[in-house]
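One structure is given here, and the rest of the page talks about it.
The values are calculated or read from the model by the stated rules, or taken from the named source; none is laboratory data. Predicted, not measured: the structure shown is a model, and the values here were computed from it. Cβ: placed from backbone, ideal geometry, glycine included. Neighbour counts: every protein chain shown.
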Amino acid sequence: MEALLNLESAMSDKIKPGNTSPASGQYQEVGPRGGQPGREVTVPKGRPMPPTTEPNRQYVLVDPSKNKSGKGK
């Protein structure tokens, strides 16, 4: 249950272009008021987020990767 709560909070966090991605997965570009234009990008954990198509937009994690990358042993 705790993992589900962490996933939900991670999905609500907006990430600005150029900031490091906290987790691998697909991120959707969202507008300043939360509207979803539809552009999705795949970004690995620890890489910078790409530029958005328009100013004042950010990214939200919509589909985290299912692999064990970055989780340790």
Any pair with Cβ under 9 angstrom, 6 or more apart, that starts in segment 57-73 at a residue that is at positive phi and ends at one that is modelled with pLDDT of 90 or more: 70/23; 70/24; 70/44; 70/45; 70/46
Cβ-Cβ under 8 Å pairs, at least 6 apart or on other chains, segment 17-33 side free of Cβ contacts under 8 Å to residues at least 60 places away in the same chain and more than 13 Å from residue 47 (Cα to Cα), far side aromatic (Phe, Trp, Tyr) and surrounded by 14 or more Cβ atoms within 10 Å (Cβ to Cβ): 28/59; 29/59; 30/59
Residue tally, condition over 21 Å from residue 53 (Cα atoms) and either over 9 Å from the mean Cα position of the chain (by Cα) or modelled with pLDDT of 70 or more (or both), over segment 1-21: 9
Extreme residue, farthest from residue 67 (Cα to Cα), among residues of segment 13-56 that are loosely packed, with under 14 Cβ neighbours inside 10 Å and of a type in the set (S, T, N, Q): 56
